[in-house]
Structures are given as structure tokens and as C-alpha cells.
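Below is one structure; the comments refer to it alone.
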Amino acid sequence: MGVCDNLIKKDIIPSCDGPIVPGIEQEGVIANRADVDFAATTFNSTRKNVIETLAMKSGKKAYKIVVYGGTPFTGTNIALATGTYRNTFTNTVNMVVLANSPDVCGDIIDGLANGEFVVVLENKSKDLQKEDNPGDSAFQVYGYYQGLKAAEISNDKYSEDTDGGWLVSLTETKVPKSALFLYKTSYETTKAAVDALTSAVGG
């Protein structure tokens, strides 16, 4: 059994050419974890936190998440979870569903309450100016290892944040890596691959 590499490998300095900016874009995708084809999903050969191909099973697809407003997906975060023998991370993805109807409750909310999910969100900070792998910071993946599960779902009829819709918080615990990114070749190629997740694969 090998010894895991727990060493830092770069200077800890800010980027002057491409400073980080906060925030997440308004549109992401969510997939039922059972519909992800993990056997066909591939990682970069040297960068172990970069997924090059996120595959869906035949006939399955992901679904769009659109959250409007100036701070979409507010509260989405990654936090260290201290363990006895090894530290891990907890991912939290927050969203609002600005609707409340029989179809929304039956097709979305009830599923979110009991399912496991993989979510891809697009960071506003994308590192497009880099010479090597420009745009590799754009698309971040949550729920790959353990699946995102409902931690809170609420419907406040007088909430000014949701206008009577639903507030949803999904969490993934015991995550072994601080972050996973989806990236292959370029930002444009990766964006097209993310968009393609919402189309059914094969038969």
C-alpha cells in the first residue's frame, strides 16, 4: 500500500494577471447520481482533480438549474471537516426554485428530498487569461464522490428571497478532495460538453 501525497507543490501567491473574483453564473446543471456513467467518466492523467469527460448512462440526461438574481446559488460553499485519521470536505450547494405547482412539487421537490445528485456550476472566476489550460477554473463539480443530498428544503409563503417558492440546500460529506473541476482542451469545448449533458445519451 502506497503513502498518499499530502504535500503542497506551488508558491502560495495571488495571481496578478488573473485575480480571483467571487460568484457563480446563473445557470448550472444537475443530474441524478444514478444516471451518471462513472465507468465512462475520465480524469486527466496528471491532474487528479480534473474530470475530462463526465458521462451519462444511455438514455439518461442532466437537467438545467437557473437561479436569477445578483448572487445566484448564494451559500454554496466548501468546508473542511476534521476527522480522526483524515480530514475531508463538505460541499454545500444552495438553490432556489421560483415556482410552486403540482408538477414542480412532484417532478422536482419530491425528487430533491430523497435523491442523490451531481451538480456542475460555472464559476465567474475562470482563469481564461492563462497560457496553459485557459478556462480550467470555470466548471466545478459537486456530488461526484458521495452524492449531494437534501439538508434543507423549505417553502416560506412570505419569503422575499423565494417569492413563495422553494429554498433548497444540498450537501455532500466525506469528500476526499477540496474541489473537482470539469475541463477538456478549452473553455469553449468544456462549455459545449456541459450543455450536452442536458441531452439524452443514446437510446
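Just so you know, all these numbers are worked out from the coordinates, no wet-lab data involved. Just so we're clear, the structure is a prediction, and the values are computed from it rather than from any experiment. Positions of Cβ are backbone-derived with ideal geometry, glycine not excepted, and every protein chain shown enters the neighbour counts.
Below is a table of values for the structure above.
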item: Acute angle (nearest 10 degrees) that the helix 187-196 long axis makes with the longest principal axis of the chain, alpha-carbon atoms; result: 40 degrees
item: Region 1-78: chymotrypsin sites (Phe, Trp or Tyr not before Pro) in DSSP loop, at most 11 other beta carbons within 10 Å; result: TYR68
item: Karplus 3J(HN,Hα) series, Hz, for region 81-88 with 6.51 cos²θ - 1.76 cosθ + 1.60 (x for Gly, Pro); result: 10, 6, x, 5, 10, 8, 8, 10
item: Difference of contour (0.36 nm per residue) and Cα-Cα distance, SER154 to LYS48; result: 34.5 nm
item: Cut-off of 10 Å, at most 12 other beta carbons, DSSP loop: longest stretch of the chain lacking such GluC sites (Glu not before Pro); result: 1-130
item: Restricting region 124-169 to trypsin sites (Lys or Arg not before Pro) in coil, as DSSP defines it, with at most 14 other Cβ within 10 Å; result: LYS124, LYS130, LYS157
item: Fewest-first ranking of THR88, THR190, using other Cβ atoms within 10 Å as the exposure measure; result: THR88, THR190
item: Placed amide H near ASP37: partners under 5 Å, 5+ positions off or other chain; result: ALA55, MET56, LYS57
item: Sorted by Cβ neighbour density within 10 Å, fewest at the top, the residues LEU180, LEU167, LEU54, LEU7; result: LEU7, LEU167, LEU180, LEU54
item: Within the chain: Cβ-based charge dipole about Cα centre, in debye rounded to nearest 20 (Lys, Arg +1; Asp, Glu -1); result: 720 debye
